[in-house]
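Novice: What follows is a single structure, and I will ask about it in a moment.
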Amino acid sequence: VARGLVTADAFSPLRWLIRPEATRRQRLKSSRRHGGLTSGDLLGRWSAVRFVGNRPALPPQSDLAIITKALLRRYGVVFRALLERETLLPPWQYLLRYLRRLEDRGEVQGGRFVDGFSGEQFALPEAVGLLRRQEAEPEQLQWVVISATDPLNLGGIITPGVRTAALNGNRVLLCNGVPVARIQSDEIELLVQTPSCSLAQIERRLATVRPLHPGYQGRPD
């Protein structure tokens, strides 16, 4: 495990490995008397970490700094599942090491910010404040249309529902961050059963993508 050759899909097997040897022997003797290991000991699936070709080289620290800070500015909160659509990134294990270093320096906060995802998560301090404020404020419907190539196209990854292909021309309508409708292959598709607006309103909203910069002089939303 320490050499990165095998990995488990849960934390309980790792906790078992780091227990003192005397404790493990005692638990094993007790479990044998009851017909096997207890439920919390070695549950989980183990697999070998396989590399195609040579093991990937560790990127320079300067590159890791640029990449991790760009991801934090983009998302506010960074964890492994969030980066599924990202391309040309170094392996997560290298990003994780640098994010831990940022946490030690007090530049990011580690914790559990997004429910439903295992593993370590890191957030900018200002992002933590925004999440707390969003949770405390009364819910108001906020509609945003994004291109399917936008990094915020996270339907089926972070938010519930199906994925929308990241192709030019595809657009997604978000209501409070959750995809409710989309244009894909020039066809409008509802992604929820009872959206909070009519089909005509959805068509009108999907006709305009959000401004790309403050000076944009396009159609009003």
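Novice: Any idea which residue in segment 1-22 is least open to solvent (accessible area, probe 1.4 Å), counting only those that are of a type in the set (A, V, I, L, M) and over 19 Å from Pro91 (Cα atoms)?
Specialist: If we take residues in segment 1-22 being of a type in the set (A, V, I, L, M) and over 19 Å from Pro91 (Cα atoms), then Ala10 is least open to solvent (accessible area, probe 1.4 Å).
Novice: Considering only residues that are touching a residue at least 12 places away in the same chain (Cβ under 8 Å) and of a type in the set (D, E, K, R), which ones fall in segment 151-189?
Specialist: Arg171, Arg182, Asp186
Novice: Of all residues in segment 93-109, which are open to solvent by 40 Å² or more (accessible area, probe 1.4 Å) and free of Cβ contacts under 8 Å to residues at least 40 places away in the same chain?
Specialist: Of everything in segment 93-109, those that are open to solvent by 40 Å² or more (accessible area, probe 1.4 Å) and free of Cβ contacts under 8 Å to residues at least 40 places away in the same chain turn out to be Arg97, Arg100, Arg101, Glu103, Asp104, Arg105, Gly106, Glu107, Gln109.
Novice: Do we find a residue being in a loop (DSSP other than H, G, I, E, B) and either modelled with pLDDT of 90 or more or under 16 Å from the mean Cα position of the chain (by Cα) (or both) anywhere in segment 56-70?
Specialist: Within segment 56-70 (the criterion being in a loop (DSSP other than H, G, I, E, B) and either modelled with pLDDT of 90 or more or under 16 Å from the mean Cα position of the chain (by Cα) (or both)), the answer is no, since none of the residues qualifies.
Novice: Right, Ala166: modelled with pLDDT of 90 or more and either open to solvent by less than 90 Å² (accessible area, probe 1.4 Å) or in a strand (DSSP E or B) (or both) or not?
Specialist: no
Novice: Residues being farther than 13 Å from Val77 by Cβ and either of a type in the set (Gly, Ala, Ser) or surrounded by 11 or more Cβ atoms within 10 Å (Cβ to Cβ) (or both): count how many of those fall in segment 117-150.
Specialist: Residues that pass the stated criteria total 10.
Novice: Just checking, how many residues over segment 76-90 are open to solvent by 60 Å² or more (accessible area, probe 1.4 Å) and at pLDDT 90 or above?
Specialist: Count: 1.
Novice: Still on this model: What is the number of the single condition among (1) open to solvent by 30 Å² or more (accessible area, probe 1.4 Å); (2) at pLDDT below 90 that Ile202 does not meet?
Specialist: (1)
Novice: Could you go through segment 147-161 and let me know if any residue there is under 17 Å from Ala207 (Cα atoms) and assigned to a strand (DSSP E or B).
Specialist: Within segment 147-161 (the criterion being under 17 Å from Ala207 (Cα atoms) and assigned to a strand (DSSP E or B)), the answer is yes, since at least one residue qualifies.
Novice: Select from segment 105-128 the residues that are among the aliphatic types (A, V, I, L, M) and over 16 Å from Ala70 (Cβ atoms) and write down the one among them that is nearest to the chain's Cα centre (by Cα).
Specialist: Val114
Novice: I want to confirm something. Restricting to segment 169-181 and keeping residues that are open to solvent by 20 Å² or more (accessible area, probe 1.4 Å) and either within 15 Å of the chain's Cα centre (by Cα) or modelled with pLDDT of 90 or more (or both), which single residue is nearest to Arg74 (Cα to Cα)?
Specialist: In this case the residue turns out to be Gly177.
The values are calculated or read from the model by the stated rules, or taken from the named source; none is laboratory data. All values derive from a computational prediction rather than experimental measurement. For neighbour counting, all protein chains shown are included, and Cβ atoms are generated from backbone atoms with ideal geometry for every residue, glycine included. Surface areas here come from the heavy atoms of the whole protein model, side chains and all, with no ligands, DNA or RNA. Shrake-Rupley method; radii C 1.70, N 1.55, O 1.52, S 1.80 Å.
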